[in-house]
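K.L.:
Sharing a structure with you now.
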Amino acid sequence: MLPIKDYLQSKSFPFVTTAFIAINTVVFVHQVRLPLPQAEAFVMEYAFIAQRFFDAPVAHWSTVFTSMFLHGGFIHFIGNMLFLFVFGDNVEDAFGHIRYTVFYLIAGVVAAFAQTVFMPDSSGVPLIGASGAISAVLGAYIILYPMARVLTIIPIGFFLLPARLPAYLFVGIWALLQLFSGALAIASGVGGSIGYFAHIGGFVFGFVFAAAGRRRYLQKFHRHRRVFYNDGYYW
């Protein structure tokens, strides 16, 4: 399933979400313009590698954050930015710009360590991508706006069918897929190239964070509520 847009308008311009998308775009363009050996060196320098981090945390602490702005390819980058574009603005609206910034960055850290804890064999593998932080945005979104409608493209055979799904259904299916894939990775002992536990860790963090202050976050947005109730590991 691919989200195209939601039908919940923000009350303020999503400065932070836009800035994160812009930074990711600049870094990705720089990354793909480098010759292959330099691009690989660039990723290795700024990716989060748990084993390297724990060996020298002072020297490599920044990679927990820089890794969030690296991507493993065009599809990885576009997919992440699309999810952030669709779901980020309304979460930023509810949290406020500063709280949302801190939330996003901490979520990325939580996601990185969740992947390390549940898949310790991957501690020497570079972890890159915004998916962990964006998963936290999804976790917050399902708490804050469960009935918001999301225009979704559903692939069925050779056809792409559009549907307006409630957020709880779209995000719920996405979360179940991450849990199933993560359980399969543990059972098989093969992590693959996707950090499912980064997704799960980020999602749980966002879910709990939003649930803890949901009434406060939505207190200023009664109009929004009326509207939507009607109508290495590449994260």
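The numbers here are math on the coordinates, done by the rules we state, and not lab data. Everything numeric in this text was worked out from a predicted model, so none of it was measured. In this analysis, Cβ positions are derived from the backbone assuming ideal geometry, glycine residues included, and neighbour counts consider all displayed protein chains.
K.L.:
Which order results if VAL58, VAL27, VAL86 are arranged by neighbouring Cβ count within 10 Å, fewest first?
P.N.:
By the 10 Å Cβ count, ascending, the order reads VAL58, VAL27, VAL86.
K.L.:
Count neighbours as other Cβ atoms within 10 Å of each site's Cβ, and list the chymotrypsin sites (Phe, Trp or Tyr not before Pro) in segment 78-173 that are DSSP loop with at most 16 such neighbours.
P.N.:
For chymotrypsin sites (Phe, Trp or Tyr not before Pro) across segment 78-173 that sit outside H, G, I, E and B with at most 16 neighbouring Cβ atoms in 10 Å, the list reads PHE158.
K.L.:
Using the basic label-point model (7 angstrom from Cα toward the beta carbon), what is the ARG215 to ILE4 distance in nanometres?
P.N.:
So the two model labels end up 3.9 nm from each other.
K.L.:
Turning to a different aspect of this structure: Counting Lys and Arg as +1 and Asp and Glu as -1, what is the net charge of the other residues whose Cβ lies under 12 Å from the Cβ of ALA59?
P.N.:
-1
K.L.:
For every helix of n ≥ 4 consecutive DSSP H residues, a contribution of -39,500 (n - 2.57) applies; sum these over the chain, divide by its total residues, and give [θ] at 222 nm rounded to the nearest 500 deg cm²/dmol.
P.N.:
-21000 deg cm²/dmol
K.L.:
If one computes the Cα centroid of segment 131-202 and of segment 2-60, what distance in Å separates the two points?
P.N.:
Centre-to-centre distance over Cα atoms comes out at 20 Å.
K.L.:
Once fully extended, how much extra length lies between THR66 and GLU45, figured as 0.36 nm per residue of separation less the alpha-carbon to alpha-carbon distance?
P.N.:
Between THR66 and GLU45, full extension yields an extra 6.6 nm.
K.L.:
First measure r as the distance between the Cβ atoms of ALA56 and LEU34, then evaluate 1/(1 + (r/R0)^6) with R0 = 25 Å and state the FRET efficiency to the nearest 0.05.
P.N.:
So, using R0 = 25 Å, E works out to roughly 0.50.
K.L.:
Which distance in nm do the two modelled labels at ALA187 and ALA163 give, with both placed 7 Å along the Cα-to-Cβ direction?
P.N.:
It works out to 2.4 nm between the two label points.
K.L.:
Give, rounded to the nearest 20 debye, the magnitude of the charge dipole that segment 2-234 has about its Cα centre when Lys and Arg contribute +1 at Cβ and Asp and Glu contribute -1 at Cβ.
P.N.:
Using only the charged Cβ atoms, the result is roughly 1000 debye.
K.L.:
Please work out the FRET efficiency for the pair ILE173 and ALA22, using the Cβ-Cβ distance as r and a Förster radius of 35 Å; give the result to the nearest 0.05.
P.N.:
Efficiency, rounded to the nearest 0.05: 0.75.
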